[in-house]
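Undergrad: Let me give you the structure first, and then I'll get to my questions.
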Amino acid sequence: MNNYEIMYILRPDLSEEQVGETTNKYQSFLSENGAESIEIDIKGKRRLAYPIGKYLDGIYVIKNFQADGSQIATLERMMRLSDDVIRYLSLKLKPASVVEATEAESEPVAEETEVSV
């Protein structure tokens, strides 16, 4: 199982009930298709960096989950066809052990240099 993170932005004119229905729809799809450890973080309404269509604001939602990856294409298609989602981004996260090893390799090593006066 791989770790995934999907961030999507919903239309700002949705009510709390509609936001809940939309997030539950995607969560139920993931759980029905074998995803585990689904965590949802609704960040709320925020200003967009640039206008998307006619929208200047959006409701940000972040989902973290573990899955085999077969769900991603279908989930992205659902979001693309939805009128409620104005943007989305899916990421496959590296395992923590790989990230720690990469960070350890990239740390600069201080070298001593002699300065003659």
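Undergrad: List, please: which pairs have Cβ atoms under 6 Å, are six or more places apart or on different chains, and start with a residue in segment 14-43 that is closer than 17 Å to residue 1 by Cα and end with one that is surrounded by 14 or more Cβ atoms within 10 Å (Cβ to Cβ) and small (Gly, Ala, Ser)?
TA: Cβ pairs passing all conditions: 35/67.
Undergrad: If you don't mind, there's one more thing I want to ask. I'm trying to understand the selection: among the residues of segment 12-49, which are charged (D, E, K, R), more than 15 Å from residue 65 (Cβ to Cβ) and over 17 Å from the mean Cα position of the chain (by Cα)?
TA: Here is the first cut: in segment 12-49, the residues charged (D, E, K, R) are 13, 16-17, 21, 25, 32, 36, 39, 41, 43, 45-47.
Retained after the next criterion (residues that are more than 15 Å from residue 65 (Cβ to Cβ)): 13, 16-17, 21, 43, 45-47.
Answer for segment 12-49, where residues must be charged (D, E, K, R), more than 15 Å from residue 65 (Cβ to Cβ) and over 17 Å from the mean Cα position of the chain (by Cα): 13, 16, 17, 21, 47.
Undergrad: Failed condition for residue 38, given (1) in contact with a Gly (Cβ under 8 Å, 6 or more places away or on another chain); (2) modelled with pLDDT under 90, with all others met?
TA: Of everything listed in (1) in contact with a Gly (Cβ under 8 Å, 6 or more places away or on another chain); (2) modelled with pLDDT under 90, residue 38 misses just condition (1).
Undergrad: For residues that are part of a helix (DSSP H, G or I) and in contact with a strand residue (DSSP E or B) (Cβ under 8 Å, 6 or more places away or on another chain), scanning just segment 27-48, find the one that is nearest to residue 84 (Cα to Cα). Steps first, please.
TA: First, the residues of segment 27-48 that are part of a helix (DSSP H, G or I): 27-32.
In the following step, the residues that additionally are in contact with a strand residue (DSSP E or B) (Cβ under 8 Å, 6 or more places away or on another chain) were identified as 27, 30-31.
On the way: 27: 15, 30: 18, 31: 21 Å.
If we take residues in segment 27-48 being part of a helix (DSSP H, G or I) and in contact with a strand residue (DSSP E or B) (Cβ under 8 Å, 6 or more places away or on another chain), then 27 is nearest to residue 84 (Cα to Cα).
Undergrad: One residue is enough: does segment 73-81 have a residue meeting the conditions basic (Lys, Arg) and assigned to a loop (DSSP other than H, G, I, E, B)? Talk me through it step by step, then tell me what you get.
TA: Just the residues of segment 73-81 that are basic (Lys, Arg), to begin with: 77, 80.
The next check asks that each one be assigned to a loop (DSSP other than H, G, I, E, B); those that pass are none.
The answer is no, given that none of the residues of segment 73-81 is basic (Lys, Arg) and assigned to a loop (DSSP other than H, G, I, E, B).
Undergrad: Any residue that is over 17 Å from residue 88 (Cβ atoms), among the basic types (Lys, Arg), touching a strand residue (DSSP E or B) at 6+ places or on another chain (Cβ under 7 Å) and exposed (fewer than 14 other Cβ atoms within 10 Å of the Cβ) - is there at least one of those in segment 49-65?
TA: So far as segment 49-65 goes, no, none of its residues is over 17 Å from residue 88 (Cβ atoms), among the basic types (Lys, Arg), touching a strand residue (DSSP E or B) at 6+ places or on another chain (Cβ under 7 Å) and exposed (fewer than 14 other Cβ atoms within 10 Å of the Cβ).
Undergrad: Could you tell me which residue of segment 1-16 is modelled with the lowest pLDDT, considering only residues that are surrounded by fewer than 15 Cβ atoms within 10 Å (Cβ to Cβ) and not in a strand (DSSP E or B)?
TA: Once the filter is applied, the top-ranked residue is 1.
Undergrad: Related question: Applying the selection to segment 63-75, what residues are touching a residue at least 24 places away in the same chain (Cβ under 8 Å), over 13 Å from residue 3 (Cβ atoms) and either among the hydroxyl-bearing types (Ser, Thr, Tyr) or out of contact with any helix residue (DSSP H, G or I) (no Cβ under 9 Å at 6 or more places or on another chain) (or both)?
TA: Passing the criteria: 70, 74.
The values are calculated or read from the model by the stated rules, or taken from the named source; none is laboratory data. Everything numeric in this text was worked out from a predicted model, so none of it was measured. Here Cβ is always computed from backbone atoms with ideal geometry, including for glycine, and neighbour counts include all displayed protein chains.
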